[in-house]
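The values are calculated or read from the model by the stated rules, or taken from the named source; none is laboratory data. Everything numeric in this text was worked out from a predicted model, so none of it was measured. So basically every Cβ, Gly included, is an ideal-geometry build from the backbone, and we count neighbours across all protein chains shown. Please note that ligands, DNA and RNA were not included when accessible areas were found on the heavy atoms of the full protein model with its side chains. Shrake-Rupley method; radii C 1.70, N 1.55, O 1.52, S 1.80 Å.
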Amino acid sequence: MRQAKKHAESNLVVKVAYKKAVKSIKKEIETNGAEIKEKLRLAQQKLDKAAKKGIIKKNTAARTLSRLSK
(Lines give C-alpha, C1' and ligand atoms only; values in the text may rest on other atoms or scores of the structure.)
Protein backbone atom coordinates (compact mmCIF):
# COMPACT_ATOMS: atom_id res chain seq x y z
CA MET A 1 0.00 0.00 0.00
CA ARG A 2 2.82 2.41 0.82
CA GLN A 3 4.46 1.72 -2.51
CA ALA A 4 1.22 2.49 -4.34
CA LYS A 5 0.96 5.84 -2.54
CA LYS A 6 4.57 6.66 -3.39
CA HIS A 7 4.00 5.84 -7.07
CA ALA A 8 0.76 7.82 -7.12
CA GLU A 9 2.52 10.91 -5.76
CA SER A 10 5.34 10.54 -8.27
CA ASN A 11 2.87 10.11 -11.13
CA LEU A 12 0.92 13.15 -10.02
CA VAL A 13 4.03 15.34 -10.20
CA VAL A 14 4.67 14.30 -13.81
CA LYS A 15 0.99 14.62 -14.75
CA VAL A 16 0.73 18.14 -13.34
CA ALA A 17 3.95 19.13 -15.11
CA TYR A 18 2.76 18.09 -18.57
CA LYS A 19 -0.70 19.59 -18.05
CA LYS A 20 0.86 22.92 -17.04
CA ALA A 21 3.09 22.82 -20.11
CA VAL A 22 0.11 22.16 -22.39
CA LYS A 23 -1.94 24.95 -20.80
CA SER A 24 1.02 27.29 -21.09
CA ILE A 25 1.45 26.73 -24.81
CA LYS A 26 -2.30 27.02 -25.46
CA LYS A 27 -2.28 30.39 -23.72
CA GLU A 28 0.81 31.46 -25.69
CA ILE A 29 -0.87 30.48 -28.98
CA GLU A 30 -4.01 32.48 -28.11
CA THR A 31 -2.00 35.61 -27.37
CA ASN A 32 0.41 35.10 -30.32
CA GLY A 33 3.36 35.30 -27.95
CA ALA A 34 6.99 35.19 -29.01
CA GLU A 35 7.91 32.09 -27.02
CA ILE A 36 5.72 29.58 -28.86
CA LYS A 37 8.58 27.41 -30.15
CA GLU A 38 10.29 27.25 -26.77
CA LYS A 39 7.06 26.34 -24.97
CA LEU A 40 6.22 23.74 -27.64
CA ARG A 41 9.62 22.12 -27.07
CA LEU A 42 9.04 22.11 -23.32
CA ALA A 43 5.57 20.59 -23.75
CA GLN A 44 7.03 17.91 -26.00
CA GLN A 45 9.58 17.01 -23.36
CA LYS A 46 6.95 16.79 -20.63
CA LEU A 47 4.57 14.72 -22.79
CA ASP A 48 7.32 12.33 -23.85
CA LYS A 49 8.44 11.85 -20.26
CA ALA A 50 4.87 11.12 -19.13
CA ALA A 51 4.47 8.61 -21.97
CA LYS A 52 7.81 6.98 -21.17
CA LYS A 53 6.83 6.52 -17.54
CA GLY A 54 3.43 5.07 -18.53
CA ILE A 55 1.38 7.87 -17.02
CA ILE A 56 -0.26 8.54 -20.38
CA LYS A 57 -0.22 6.36 -23.47
CA LYS A 58 2.29 6.98 -26.21
CA ASN A 59 -0.41 7.71 -28.78
CA THR A 60 -2.12 10.19 -26.45
CA ALA A 61 1.12 12.12 -26.13
CA ALA A 62 1.64 12.10 -29.90
CA ARG A 63 -1.93 13.19 -30.56
CA THR A 64 -1.75 16.05 -28.05
CA LEU A 65 1.55 17.26 -29.48
CA SER A 66 0.19 17.05 -33.02
CA ARG A 67 -2.83 19.17 -32.11
CA LEU A 68 -0.64 21.76 -30.45
CA SER A 69 1.67 21.94 -33.47
CA LYS A 70 -1.09 22.85 -35.91
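Descriptive notes on the structure:
- Sorting the segments 64-70, 40-46 by their mean number of nearby beta carbons within 10 angstrom, highest to lowest, gives 40-46, 64-70.
- Per residue value of the accessible surface for the chain (all protein chains in place, 1.4 Å probe), Å²: 83
- C-alpha long axis of helix 36-52 to longest principal axis of the chain, angle in °: 20
- Folded to 0 to 90 degrees: helix 2-30 orientation relative to the chain principal axis, Cα: 10
- Structure-derived log10 I(q)/I(0) by the Debye sum over Cα atoms at q = 0.14, 0.21, 0.22, 0.24 Å⁻¹: which label, when the choices are (i) -0.44, -0.82, -0.88, -0.99; (ii) -0.53, -0.92, -0.97, -1.06; (iii) -0.65, -0.92, -0.95, -1.02: (i)
- Our helix-only sum for the chain, with -39,500 (n - 2.57) per DSSP H run of n ≥ 4 divided by its residues, gives a mean residue ellipticity at 222 nm of -28500 deg cm²/dmol.
- Cross-link table Lys39/Lys70; Lys27/Lys58; Lys6/Lys57, entries beyond 19 Å C-alpha to C-alpha: Lys27/Lys58; Lys6/Lys57
- Using a probe radius of 1.4 angstrom, the carbon and sulfur fraction of the accessible surface of the chain is 52%.
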